[in-house]
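Participant: Please see the structure below; I have some questions.
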Amino acid sequence: MKLHEQARSAAIILCVLMLACGSESQATDAKAVAQNGGAPTPAQASAGNTAPKSKKWGPATGEHRPTLEEVHEMFETQPGARAFVFTWATNQQGTINNRWLGVQTIQNPLDAWVTQEIIWDTKPDFIVETGTHKGGSAALWATILAQVNPDGRIITIDIEDKVTKAAELPIVARSVDFIVGSSVDPAVVADVVERTKGKKVLVILDALHTEEHVGKELAAYSPIVNIGSYIIVQDTEVPMTPPALRYGGVARAAAAFVASNDHFEVDKSRERLVLTNNGGGFLKRVR
Ligand SMILES: C[S@@+](CC[C@H](N)C(=O)[O-])C[C@H]1O[C@@H](n2cnc3c(N)ncnc32)[C@H](O)[C@@H]1O
């Protein structure tokens, strides 16, 4: 699809979303307010029109600031909302072209923000990442970890070596260890277990997004996660190409793992920004 056609499709989805949410008139109101320097327009004020149309799903006002539950409900019950996020997350010019320190970093920025909070909260000695790609995400986690634990290290694993550019970054040279191999190769797993023994570990899974592969990764790496830390299972929700990777295999793997392992629970509080690629994938070790 050409760029202008994609932009048109995204715009159509956005319009559908706004209509579905009943927000067309609110958008018009917001535009009028913006044009009035942020204050309600005289017409709105005289009509007492500053309150949300729907108390439940209205915009944040002095009268009603939506709860997180209401926002989740709004999102979950609007098919247009989910379609929009999928389109936003997977289009060929969007998040896939994100860069950190100049290196391609295929991360939803909202999930990256939440991951930054998890790194702060858990203060790991090691972050183990499967799926290095160009090394942008490893560089991002390393940049944050350096502020939290200056001796912290990133171990990142990929079957391919594509990190020439990332490897030149000082933060990467200082604190990222690359392993080239499959994340489920028993020799690779044993190596990671050995390196992280007795340390605080956060695990981020972003390699092959199939149910089988993620299931094996969860079994292999969950024992090294300390109580209070997390396994972040990425891309549980995003329909991936090729089609063999679609239809929620990653989400099923995460759900099956949690159902069969009472050390971990899904931490829905980490989905508070709602537009996540990791729904059901923030797994906290609780015991
Ligand atoms: C979605 S990309 C990772 C993106 C990266 N974390 C980022 O944010 O930029 C997935 C990566 O997983 C790698 N991969 C595929 N199969 C793998 C396996 N069995 N073990 C480790 N990595 C694998 C691919 O080579 C690819 O680079």
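Derivation of every value follows stated rules applied to the coordinates shown; laboratory data play no part. Treat the numbers as computed from the prediction; the structure is a model and nothing was measured. No Cβ is skipped: glycine too gets one built from the backbone with ideal geometry, and neighbour counts run over all protein chains shown.
Participant: Search the structure for amide H atoms under 5 Å from the amide H of Q104, placed 1.01 Å from N in the peptide plane, and list their residues when 5 or more places away or on another chain.
Facilitator: Correct list: empty.
Participant: Same structure, new question: What does the charge count near F126 come to, summing +1 for each Lys or Arg and -1 for each Asp or Glu among other residues with Cβ under 15 Å from its Cβ? Write out the running numbers ahead of the final one.
Facilitator: Values: positive: K123, R153, R174, R195, K197, K199, K200, R285; negative: D125, E129, D151, D177, D191, E194.
Overall, the nearby charge balance is +2.
Participant: Counting Lys +1, Arg +1, Asp -1, Glu -1, what net charge surrounds A166 among other residues with beta carbon under 14 Å of its beta carbon?
Facilitator: Net of charged neighbours comes to -1.
Participant: For segment 99-285, what is the charge dipole size about the Cα centre, in debye to the nearest 20, if Lys and Arg each add +1 at the Cβ and Asp and Glu each add -1 at the Cβ?
Facilitator: For this selection, approximately 340 debye.
Participant: Near K268, which aspartates and glutamates are there with a Cα under 12 Å away, not counting those fewer than 8 places off in the same chain?
Facilitator: E69
Participant: Between R65 and T210, what length in nm is gained on full extension when 0.36 nm per residue of separation is reduced by their alpha carbon distance?
Facilitator: Stretched fully, the R65-T210 segment lengthens by 48.3 nm.
Participant: Here's another thing I want to ask about it. With both bridge residues required to lie in segment 95-247, what share of the DSSP beta bridges run antiparallel, to the nearest 5%?
Facilitator: 10
Participant: Which whole-Hz ³J(HN,Hα) couplings does segment 197-208 yield from phi under the Karplus relation 6.51 cos²θ - 1.76 cosθ + 1.60, θ = phi - 60°, glycine and proline marked x?
Facilitator: 3, x, 9, 7, 10, 10, 10, 10, 9, 9, 9, 7
Participant: Also, I was wondering about something else. How much length, in nm to one decimal, is gained on full extension between A256 and S222, taken as 0.36 nm per residue of separation minus their Cα-Cα distance?
Facilitator: Numbers: separation 34, 0.36 × 34 = 12.24 nm, distance 1.35 nm.
Additional length available on full extension: 10.9 nm.
Participant: For segment 131-191, what percent of Cα pairs sit more than 17 Å apart?
Facilitator: Roughly 36 percent, rounded to a whole number.
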